[in-house]
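Here's the structure, in structure tokens; my notes come after.
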Amino acid sequence: MPITFFTPEHDQLRIAVRRFAEEELAPHADEWEEQGDYPDWVFKRAGELGLLGLTYPEEYGGQAGDYFATLVFAEEIGRCNSGGVALGLAVQTDMATTPVNRFGTEEQKQRYLAPSISGDKIACLGISEPDAGSDVMNIATTATWDADSWIINGRKIFITNGWRAHYMTLVAKTVRDGIETGHSLFLVDTDTPGFVRTRKMDKVGHRSSDTAEIAFEDCRVPADALLGVEGEGFKQIMWELQGERLIGAIAGAAGAERMLESALKYAKEREAFGKPIGKFQAIRHKLAEMATKVTALREFIYYTAFRWNSGEYVVREISMAKLLSGELSFEVADECLQIFGGYGYSMEFPVQRGWRDLRLNRIGGGTDEIMREVIGKMDGF
Amino acid sequence: MEFTRELVFPEAFESSDIPYGLFTEEHEALRKTVRTFVEREMSPYVEQWEADEDYPRDLFTRLGELGLLGMKFPEAWGGSGADYIAETVVTEEITRAGSAGIAADLSAHRDLACLYIYNFGDDEQRKRWLIPALKGEKLGSLGVTEPSAGSDVAGIQTKAVRDGDSYVINGSKIFITNGSWADFCVVAAKTDPEAGHSGISLFVVEAATEGFDRKRMKMLGWRTSHTGELTFTDCRVPAGNLLGGAEGRGFYQIMQNFQWERLAMAIGQTAGAQRTYEMAKKYALQRRAFKREIGHFQVWRHRFADMASRIEMTRALTYHALRLFVHGVVCVREVSMAKYYSSEVAFKVADEAVQVHGGYGYMMEFPAQRAWRDSRLGPIGGGTTEIMKDVIAKTLGL
């Protein structure tokens, strides 16, 4: 524990995730990116391998591991060479299902958590709307109490896994007798009448991921679709966002590290003016700078994860980790693309994909600007 | 309440397993005590000392008396028998006094001179120089850098020629922190100019030795520091002053000590950045413009968020290197990274501090400019940023 918190079990898990990513997923990455989709078996297979419930209780099929297991998973799954696939899995394991595990009833856990862990049900998370992203308070989707059920109306946008998901963990404003009772969470089956997948969105990166826009048109769900306490949704989703941002930070840092590894390898092989380009001081120092930033970022995230795992609610540090990871991973990706020269710009090589995919980290899960607002305000500004 | 050694060390440090977070409750208790000491016995005088470009030497005896000079050294040699992490605490807290020159003198004494004598000296040499140095009675410095050789240690020109039972030293040293007033200097000299890396040896030269002259240097920052230029003209020292008693080991000894020296700098830079951040924050939340505190304008809120994030990240990197160091893991790469990155962040934060202070930031009567001048040395001293990047690149196989 003193030098690292990873145990031999974590190391074994790392090998297992890496093998899954490199051997079973990566060979299809180009094809999936090209077609803008990947098959559902990815979830099923990850479930079979026990990777979808690393931190969840054993009674629902989970592995009951600590947060470092999640960290290892997030670091290694990116080796599938497709940010979209990695993100789809992360939404399943650490975004849409965490509120079910934390706030769900036994019945909800049996119905949603257990099949999510086995990979039989795919989950998505519905927070963002066309006019409300990080400004969660401004969410306009309503769930109106009517006799014995809720009627949902509104729109959600940028919903990862939204096209294929079996259910959505939804944030909506609850209304009873014409009076708003605050924000609340719901578990909505996507085959419910009135749950409409409006369109699949075309994106600059994460192209294999199915990102959807959803419309709720008088979508009626039963009383027990409510997740947790009515009116507590804002607090619950703020808690969820911390885990989401931390895993996003981890994935970004690992992505930067992989980009750096490949640029380092290339700089040692590629020759110009009679020597490897990595022997030119301008490139050497660039790589040294990147290695420094990636190491610093990783160690800061590790320390933050260590505190999160110990039960500290480290919102400030998680926001910092998210901010730094978004900024630095894209900065590193851009410098790496530069080192690859023309090959970096060519669609035949994977460098450009890393560059496009990592750009999302400055936007998704709360933009850089939102992170600075959170940090600045917490520091008294 | 009077500060005594017993107060600083209520009981002996238990050497236990080092936690991932590094600091134990004992370390935190030590931090509190040292902080109070700094607030009472250093901070109130810092402005005056900076104006005088000097401070009383007694500060060293006071620190020695409290056991704060010898954190990492065994009690047998007059140390406190604590550890490197306790020393980190002391460095961080002394940095909070806000006089980088004093922190630098202290570090040169403790992390260079004393550490060299402890690590490479024989018992006789330790008795002679280390024990009084840890009491703060004798001040030490380290003389490696020369007018035309800095990080390129093998390129030094100073020579020591054996003559009977003594050595005759000729040459000059520059930028020697603590050098203009120290009682002794650990000097690197070539005993065999033909032998390259194996031709360098270290000698302890006492201040009163004939042929040893020094002069204090004027610097952009670190104004309280006694940084000196040293010259040796047929300066004769007894053979017993050859550190460790064998010739030719100097280069390797210097390289070995670089790790702690650079790590100590990274620790100081990180703590300095934190202090500067707090100073800038205080001003930003007090100064009003257009009917509100300037810190509440979004641009400054975001810039402070960026500063705070970089400081936390730098600290994580520095502590990572420290963690490896205290576990005896080879950490040349991580230490070089920490030294380079922390000094870059510290200067950036200081520049932002000057900016947020506006006109006052540019005035000598406000301390923002001092943080800015002082932190500019970070990317230069102890191996420049460019040297650090070269070292890092080498460890990456480039």
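The values are calculated or read from the model by the stated rules, or taken from the named source; none is laboratory data. Note that the structure is predicted; figures quoted are calculated from it, not measured. Positions of Cβ are generated from backbone atoms using ideal geometry, with glycine treated the same way; all protein chains shown enter the neighbour counts.
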### Message
I'd like to verify a number: residues in region B:183-199 that are under 26 Å from the mean Cα position of the chain (by Cα) and part of a helix (DSSP H, G or I), how many?
### Response
1
## Note on the structure
When A:A64 is run through (1) over 21 Å from A:L226 (Cα atoms); (2) in contact with an Asp or Glu (Cβ under 9 Å, 6 or more places away or on another chain); (3) touching a residue at least 24 places away in the same chain (Cβ under 8 Å), the failure sits at (3)
### Message
Against the definition (buried (at least 17 other Cβ atoms within 10 Å of the Cβ) and out of contact with any strand residue (DSSP E or B) (no Cβ under 6 Å at 6 or more places or on another chain)), how does B:G98 come out, yes or no?
### Response
yes
### Task
Go through (1) over 16 Å from A:T70 (Cβ atoms); (2) in contact with a Lys or Arg (Cβ under 6 Å, 6 or more places away or on another chain) one by one and return the number of the condition A:V294 breaks.
(2)
### Task
Report yes if some residue within region A:338-354 is crowded, with 19+ Cβ neighbours inside 10 Å and within 26 Å of B:K339 (Cβ to Cβ); otherwise report no.
yes
### Query
How many residues are crowded, with 22+ Cβ neighbours inside 10 Å and either without any contact (Cβ under 8 Å) to a residue 24 or more places away in the chain or among the acidic types (D, E) (or both) when one looks only at region A:355-373?
1
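Does B:T88 count as among the β-branched types (V, I, T) and either more than 14 Å from chain A (Cβ to nearest Cβ) or in contact with a Ser or Thr (Cβ under 6 Å, 6 or more places away or on another chain) (or both)?
In short, yes.
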### Query
Can you find a residue in region A:51-71 that is out of contact with any strand residue (DSSP E or B) (no Cβ under 9 Å at 6 or more places or on another chain), closer than 17 Å to A:A114 by Cβ and of a type in the set (D, E, K, R)?
yes
### Message
I'd like the full set of residues that are over 11 Å from B:M307 (Cβ atoms) and among the basic types (K, R), limited to region B:341-370.
### Response
B:R370
## Note on the structure
B:E293: passes all of (1) more than 27 Å from the chain's Cα centre (by Cα); (2) closer than 20 Å to A:M290 by Cβ; (3) among the acidic types (D, E) but (2)
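Considering only residues that are of a type in the set (D, E) and under 13 Å from B:V204 (Cα atoms), which ones fall in region B:118-139?
Of everything in region B:118-139, those that are of a type in the set (D, E) and under 13 Å from B:V204 (Cα atoms) turn out to be B:D122, B:E124.
Can you list the helices (runs of 4 or more DSSP H) found entirely within region B:279-378 that contain at least 2 residues being touching a residue at least 60 places away in the same chain (Cβ under 8 Å) and either more than 14 Å from every other protein chain (Cβ to nearest Cβ) or not charged (D, E, K, R) (or both)?
Details: elements: B:298-326, B:332-356, B:359-362, B:368-375.
Of the helices (runs of 4 or more DSSP H) lying wholly inside region B:279-378, those with at least 2 residues that are touching a residue at least 60 places away in the same chain (Cβ under 8 Å) and either more than 14 Å from every other protein chain (Cβ to nearest Cβ) or not charged (D, E, K, R) (or both) span B:298-326, B:332-356, B:368-375.
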### Task
Give me the pairs, please: first residue somewhere in region A:31-59 and closer than 24 Å to A:M201 by Cα and at pLDDT 95 or above, second residue anywhere and surrounded by 15 or more Cβ atoms within 10 Å (Cβ to Cβ) and hydrophobic (A, V, I, L, M, F, W, C), beta-carbon distance under 7 Å, and either six or more positions apart or on two chains.
A:W32/A:V85; A:Y38/A:W32; A:Y38/A:V85; A:D40/A:I122; A:V42/A:L25; A:V42/A:V85; A:F43/A:I122
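Might you check whether a residue that is part of a helix (DSSP H, G or I), touching a helix residue (DSSP H, G or I) at 6+ places or on another chain (Cβ under 9 Å) and of a type in the set (G, A, S) occurs anywhere in region B:161-182?
no
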### Output for region A:285-301, where each listed residue is aliphatic (A, V, I, L, M) and either touching an Asp or Glu at 6+ places or on another chain (Cβ under 8 Å) or more than 7 Å from chain B (Cβ to nearest Cβ) (or both)
A:A288, A:M290, A:V294, A:I301
### Query
Restricting attention to region B:33-77, which residues are under 27 Å from B:D17 (Cβ atoms) and small (G, A, S)?
B:G67, B:G70, B:A76
### Task
Tell me, please, whether a residue that is closer than 20 Å to A:V72 by Cβ, modelled with pLDDT of 95 or more, of a type in the set (S, T, N, Q) and in contact with an Asp or Glu (Cβ under 9 Å, 6 or more places away or on another chain) can be found in region A:311-328.
no
### Query
Does A:K268 meet the test of being facing chain B (nearest Cβ under 9 Å), crowded, with 19+ Cβ neighbours inside 10 Å and out of contact with any Ser or Thr (no Cβ under 6 Å at 6 or more places or on another chain)?
no
### Segments classed as helices (runs of 4 or more DSSP H), wholly inside region A:312-381, with at least 3 members that are farther than 16 Å from B:R303 by Cα and away from chain B (no Cβ under 14 Å)
A:315-339, A:341-345, A:351-359
### Task
Go over the candidates B:A113, B:A29 one by one and state the one that is without any contact (Cβ under 8 Å) to a residue 24 or more places away in the chain and outside any loop (DSSP other than H, G, I, E, B).
B:A29
### Task
Could you check B:E41 against (1) farther than 23 Å from B:E261 by Cβ; (2) free of Cβ contacts under 8 Å to residues at least 24 places away in the same chain and say which number it fails?
(2)
